[in-house]
Amino acid sequence: MFVERLELVDFRSYVRADVPMTAGVTTFIGFNGQGKTNLVEAVEYLSTLSSHRVNNDTPLVRLGAHQAVVRGRVRAGAEDSRSLLLEVEINPRRANRARINRAPLTRPREILGVLRTVVFSPNDLVIVRGDPSDRRTFLDGLVMTRWPRMAGVKSDYERVLKQRNALLKSLAGRGPSAGAEIGATMEIWDDELATIGAELLSARLDTLSAVMPLTSAAYREIAPVNDLVTASYKSTIDLDGLWSPPQEGQIPEPIDRKELANRFLDALAKRRADELIRGVTLVGPQRDDIVLHIGEMPAKGYASHGESWSLALALRLGSFQLLRDDGIEPVLVLDDVFAELDATRRGRLASSVIEADQVLVTAAVASDVPEILRGERFDVGGGQVLPHEGSDDD
């Protein structure tokens, strides 16, 4: 699968842009602030309806414009001429709209899963060194790329969580005595939260089990060292006997979702008094963390800068391999990552991704990009995206 044409209207810095692309490698070269990352961000948005750079859509619309349009022609493969036209209209003041082959979709998220992307960026270091929310965001993003319907599950979970928190907040400070008054109402929210939360948590654990052995193998390719990379899942729910950290060569057992929901309810019951005092839900996936290890040591707080970078790259490579194994080849985006790496890691990363159907690379200078990833080149500057003329080193 690859994007063969990208069109932008009032997206970020672009009034209009129309960029033809091919399978294989395409590089966008331009100084910082010229708009090269905006191009690959638009491809990412068509895939995920989100950006690795911002948490809301407002910055995606060009200053002074009322809306932005991202349109992409996605082709099934180099030897397969079937294609789809994807379009998203970004409206900061009202609901976004999406179309496939110009036919409107009922909800924008119905476009999810048509185009898959894996994005490498300098921000990836926060997966290793950042807060638990950064690791949850990474894992949930991979979950929703594998199973687009999980975007709806997560949205439903957040809706129920918000309602439950509002109820708890209204009772905050009244202590356990408030429990009798709202017992029946709370049970309704508990049941719904546990059912939906168990589905989300099960998908997280399944994906973590699948991606970590691939991540460990990728880490040894990039570093390379003999250390195993592993992950444990730090949950507010008792997972003993239901799930264990994945090991290379091990086939994980299916997770009993019904038992997981029951344990979710047990955990809620145990924390009920604390929740009534604090006015917030203290149990659930929104409180969890993924603890990454290199060898015997936790990566956060102990891994060097180089080790942290290698692990972040390995997590993305593992994600790419997992999605490929699932049957749909993702588009790889390498956004300004080569400037952050030494020559050895640059070469190893390039060798690991060169066989992807499509690789989109951004860099400030062409010399940052390994020779095997030069491919078709565009020069970006002054609001224009132009095919390069001259040698690759210009």
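Restricted to segment 34-47, and to residues that are in contact with a Ser or Thr (Cβ under 7 Å, 6 or more places away or on another chain) and under 14 Å from PRO330 (Cβ atoms), which residue is surrounded by the fewest Cβ atoms within 10 Å (Cβ to Cβ)? Filtering first and then ranking leaves VAL43.
A single member of THR344, THR362 is assigned to a strand (DSSP E or B), of a type outside the set (A, V, I, L, M, F, W, C) and out of contact with any Pro (no Cβ under 8 Å at 6 or more places or on another chain), and it is THR362.
Every test in (1) surrounded by 15 or more Cβ atoms within 10 Å (Cβ to Cβ); (2) modelled with pLDDT under 95; (3) closer than 19 Å to LEU168 by Cβ is passed by ARG278 save one, and that test is (1).
Out of curiosity, is ALA76 surrounded by fewer than 20 Cβ atoms within 10 Å (Cβ to Cβ) and within 24 Å of the chain's Cα centre (by Cα)? It is true that ALA76 is surrounded by fewer than 20 Cβ atoms within 10 Å (Cβ to Cβ) and within 24 Å of the chain's Cα centre (by Cα).
Cβ contacts < 6 Å: first residue closer than 19 Å to ARG53 by Cβ and in contact (Cβ under 8 Å) with a residue 40 or more places away in the chain, restricted to segment 8-27; second residue small (Gly, Ala, Ser) and surrounded by fewer than 16 Cβ atoms within 10 Å (Cβ to Cβ), any location; separation 6+ or different chain. Result? Close Cβ pairs satisfying both conditions: ASP10/ALA65. For segment 323-338, the set of residues classified as within 18 Å of VAL25 (Cα to Cα) and in a helix (DSSP H, G or I) consists of ARG324, PHE338, listed by residue number. Would you call ASN91 under 20 Å from the mean Cα position of the chain (by Cα) and surrounded by fewer than 18 Cβ atoms within 10 Å (Cβ to Cβ)? No: the conditions fail for ASN91.
Residues of segment 236-265 that are modelled with pLDDT of 90 or more, in contact with a helix residue (DSSP H, G or I) (Cβ under 7 Å, 6 or more places away or on another chain) and in a loop (DSSP other than H, G, I, E, B): THR236, ILE237, ASP238, LEU242, TRP243, ILE255. Just one of the listed residues (ARG164, ARG149) is among the basic types (Lys, Arg) and free of Cβ contacts under 8 Å to residues at least 12 places away in the same chain, namely ARG149. Residues considered: SER319, SER351. Of these, the only one that is outside any loop (DSSP other than H, G, I, E, B), surrounded by fewer than 17 Cβ atoms within 10 Å (Cβ to Cβ), modelled with pLDDT of 90 or more and out of contact with any Phe, Trp or Tyr (no Cβ under 8 Å at 6 or more places or on another chain) is SER351. Against the numbered list (1) in a loop (DSSP other than H, G, I, E, B); (2) at positive phi, THR106 comes up short only at (2). Residue-level check: of (1) part of a strand (DSSP E or B); (2) within 24 Å of HIS388 (Cα to Cα); (3) more than 24 Å from the chain's Cα centre (by Cα), PHE31 misses just (1). Under 25 Å from GLY113 (Cα atoms) and assigned to a strand (DSSP E or B) - does that describe any residue in segment 41-53? Scanning segment 41-53, I find no residue that is under 25 Å from GLY113 (Cα atoms) and assigned to a strand (DSSP E or B), so the answer is no. Among residues that are surrounded by fewer than 19 Cβ atoms within 10 Å (Cβ to Cβ), in contact with a Ser or Thr (Cβ under 7 Å, 6 or more places away or on another chain) and outside any helix (DSSP H, G or I), VAL283 is not included. Residue-level analysis places LEU142 among those that are assigned to a helix (DSSP H, G or I), surrounded by 13 or more Cβ atoms within 10 Å (Cβ to Cβ) and at pLDDT 95 or above. A Cβ distance below 6 Å, combined with a sequence gap of six or more or placement on separate chains, defines the contacts here; from segment 172-201, residues that are modelled with pLDDT under 90 reach residues that are in a helix (DSSP H, G or I) and small (Gly, Ala, Ser) in the pairs PRO176/ALA273. Among the residues of segment 326-346, those identified as crowded, with 17+ Cβ neighbours inside 10 Å, on the phi < 0 side of the Ramachandran plot and not β-branched (Val, Ile, Thr) are GLU329, PRO330, LEU332, LEU334, ASP335, PHE338, GLU340, LEU341, ARG345, ARG346.
Determine which single condition PRO59 fails, assuming it passes every other condition in (1) outside any loop (DSSP other than H, G, I, E, B); (2) closer than 24 Å to LEU323 by Cβ. PRO59 satisfies all of (1) outside any loop (DSSP other than H, G, I, E, B); (2) closer than 24 Å to LEU323 by Cβ except (2).
Check whether at least one residue in segment 117-125 is out of contact with any strand residue (DSSP E or B) (no Cβ under 6 Å at 6 or more places or on another chain) and hydroxyl-bearing (Ser, Thr, Tyr), and report yes or no. There is no residue in segment 117-125 that is out of contact with any strand residue (DSSP E or B) (no Cβ under 6 Å at 6 or more places or on another chain) and hydroxyl-bearing (Ser, Thr, Tyr). All of LEU292, LEU268 fail the test of being within 22 Å of the chain's Cα centre (by Cα) and touching a residue at least 12 places away in the same chain (Cβ under 8 Å), apart from LEU292. Among residues that are under 28 Å from ARG345 (Cα atoms) and in contact with a helix residue (DSSP H, G or I) (Cβ under 7 Å, 6 or more places away or on another chain), LEU282 is not included.
The values are calculated or read from the model by the stated rules, or taken from the named source; none is laboratory data. Computed from a predicted structure; not experimentally measured. Neighbour counts are summed over all protein chains in view; Cβ atoms, including those assigned to glycine, are modelled from backbone coordinates with ideal geometry.
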